[in-house]
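The values are calculated or read from the model by the stated rules, or taken from the named source; none is laboratory data. Source: prediction; values computed, not measured. Using ideal geometry, Cβ is built from the backbone for each residue, glycine included, and neighbour counts are taken over all protein chains shown.
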Amino acid sequence: MAYSDLEGQKQELLEAFIYDKRIDKDTYDPENQRIQNSLRDLVGQRLAHASVPTDIQRLLEHAAGLIADLSGYWNHLNVTDRPRYVRAMFPGGLSFDGEAIGTGEMPWILWPSPMMHQSKEGLAVPTGFEPAFPA
């Protein structure tokens with residue numbers, strides 16, 4: 001049975017019980033439970049068959065592209081999507097004092113990453129490959 005069919009049954013049952021008073025509570029409760037169980041089973045089946053790794057991979061690729069080019073994403077957004085973008089990037093909001101725009105908190109996207117604190121072992125030395133000479 002389709003999810004929309006079950007939702008329709010649920011709505012009809014609710015109307016019959018609450019609005020039309022065609023059924024009593026002893027009839028409503030088990031029928032409501034049956035519909036709830038069917039909805040839960042259907043959602044579980046859909047989740048079991050979902051292509052989660054592909055969706056997660058696509059999401060990560062999109063996020064990496066977004067982080068790498070924040071201004072590019074802003075420039076391609078239409079006017080109605082820009083407020084949501086600002087709320088996502090700056091949950092505390094932005095303020096304008098008549099001269100400058102800013103925020104009182106560091107945007108989450110600029111927070112230090114755990115990767116920044118990993119061991120520096122194996123990385124090139126700051127002086128490069130040539131020997132350092134005193135200045």
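Determine whether the stretch 21-36 contains at least one residue that is acidic (Asp, Glu) and exposed (fewer than 10 other Cβ atoms within 10 Å of the Cβ). Among the residues of the stretch 21-36, at least one is acidic (Asp, Glu) and exposed (fewer than 10 other Cβ atoms within 10 Å of the Cβ), which makes the answer yes. Of all the residues in the stretch 66-81, those that are surrounded by 12 or more Cβ atoms within 10 Å (Cβ to Cβ) and assigned to a helix (DSSP H, G or I) number 4. Close contacts from the stretch 29-43, counting a first residue that is in the same structural domain as Glu12 (by TED's automatic domain parsing) and a second that is loosely packed, with under 15 Cβ neighbours inside 10 Å and assigned to a helix (DSSP H, G or I), with Cβ to Cβ under 6 Å and a gap of 6+ residues or different chains, come to Leu42/Tyr3.
Condition test on Arg40, is it touching a Gly at 6+ places or on another chain (Cβ under 9 Å) and either in a loop (DSSP other than H, G, I, E, B) or of a type outside the set (A, V, I, L, M) (or both)? No: the conditions fail for Arg40.
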